[in-house]
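Peer 1: Structure in C-alpha cells, see below.
We did not get these values from a lab; they are worked out from the coordinates using the rules stated. Predicted model only: the values in this text are computed from it and were never measured. Cβ placement follows ideal geometry from the backbone for every residue including glycine, while neighbour counts extend to all protein chains displayed.
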Amino acid sequence: VTATDADEGIYGHVKYSLKKITEKASKIFYLDTESGSITLVQTLDFEEGDSHELEVQARDGGELFDTAKVA
C-alpha cells in the first residue's frame, strides 16, 4: 500500500500499521512499517482458508491517518 503526505519534515513522514488482522493472518503476512509493503511470512494454504482481509493504517507525523482494507 502507498500513502503520501505533502507536508515537510516529520509531519510528512508516513508510517504503516496493521489495525485489523486475525491471529492466523498475523502469522502469514508481514507489513513493513516504513514502505507499506506486505509480504508473505509463510506459504498460503488454500485448504485452511481461501481469502484474507487486512486493515492497514497510514499515519503521518502529526495526527492524521487513514485506513484501507486489503483483501
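Peer 1: If you add up the charges near residue 57, with Lys and Arg at +1 and Asp and Glu at -1, over every other residue whose beta carbon is less than 15 angstrom from its beta carbon, what do you get?
Peer 2: Values: positive: 15, 19, 20, 59, 69; negative: 5, 32, 34, 53, 55, 60, 63, 66.
In short, -3.
Peer 1: Another question, if that's okay. Return the single residue from 50, 60, 32 with maximal mean-square fluctuation; model: Gaussian network over the chain, springs between Cα atoms under 10 Å.
Peer 2: 50
Peer 1: Rounded to whole Hz and in sequence order, give me ³J(HN,Hα) for segment 4-14 from the Karplus expression 6.51 cos²θ - 1.76 cosθ + 1.60, θ = phi - 60°, writing x for Gly and Pro.
Peer 2: Residue by residue, segment 4-14 yields 10, 9, 6, 5, 9, x, 4, 5, x, 7, 9 Hz.
Peer 1: Kirkwood hydrodynamic radius, computed over distinct alpha-carbon pairs, for segment 14-70: how many Å, to one decimal? Write down the numbers at each step before the final one.
Peer 2: Details: mean 1/r = 0.0826 Å⁻¹.
The answer is 12.1 Å.
Peer 1: If you keep only loop residues by DSSP, which trypsin sites (Lys or Arg not before Pro) in segment 1-65 have at most 14 other Cβ atoms within 10 Å of their Cβ?
Peer 2: Answer in residue order: 27.
Peer 1: Looking at the chain, which GluC sites (Glu not before Pro) are DSSP coil and have at most 13 other C-beta atoms within 10 Å of their C-beta?
Peer 2: Values: sites: 8, 23, 34, 47, 48, 53, 55, 63; in loops: 8, 34, 47, 48, 53, 63.
For GluC sites (Glu not before Pro) across the chain that sit outside H, G, I, E and B with at most 13 neighbouring Cβ atoms in 10 Å, the list reads 8, 34, 47, 48, 53, 63.
Peer 1: Could you work out how much longer the chain between residue 52 and residue 64 gets when fully extended? Use 0.36 nm per residue separation minus the Cα distance between them, nm to one decimal. Intermediate values should be presented prior to the final figure.
Peer 2: Values: separation 12, 0.36 × 12 = 4.32 nm, distance 2.66 nm.
That pair, residue 52 and residue 64, stretches by 1.7 nm at full extension.
Peer 1: Using helices alone, I'd like the mean residue ellipticity at 222 nm for the chain: each DSSP H run of four-plus residues gives -39500 (n - 2.57), total over residue count, nearest 500.
Peer 2: Working: 1 runs with 4 residues, N = 71.
Dividing the helical sum by the residues of the chain leaves -1000 deg cm²/dmol.
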